[in-house]
1. Identify the GluC sites (Glu not before Pro) of segment 27-69 meeting these criteria: DSSP loop state and at most 14 other C-beta atoms within 10 Å of the C-beta.
2. So what are the ³J(HN,Hα) numbers for segment 54-60, from phi and the Karplus equation (6.51, -1.76, 1.60; θ = phi - 60°), rounded to whole Hz, Gly and Pro as x?
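Every number here is computed from the coordinates shown, using simple stated rules; none is lab data. Predicted model only: the values in this text are computed from it and were never measured. We place every Cβ from the backbone using ideal geometry, glycine too, and count neighbours over all the protein chains shown.
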Amino acid sequence: MHPSIAYADRLLALPPVNPPLDIARAHAREVLDQALAVNTELADSATVAREFGGVCESLRQVLAALDAEDARDA
């Protein structure tokens with residue numbers, strides 16, 4: 001494990017991962033199902049924020065995969 005700030009900065013500098021469209025769709029469906037299963041009346045704000053972040057990242061991956069498909073078809 002690398003707990004240094006320099007290591008964390010290198011991780012943040014990595015480009016986002018863009019999976020193929022079928023994998024991105026399946027992952028997005030799974031993440032959305034998990035987020036919808038959270039009881040927002042009982043969950044703390046950190047849990048809600050984590051689930052929202054997961055949905056946003058999944059959406060970004062799906063859109064990136066769609067853009068890659070469009071570029072391949074052009």
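1. Details: sites: Glu30, Glu41, Glu51, Glu57, Glu69; in loops: Glu41.
The qualifying sites are Glu41.
2. Once rounded to whole Hz, the list reads x, 5, 4, 5, 5, 4, 4.
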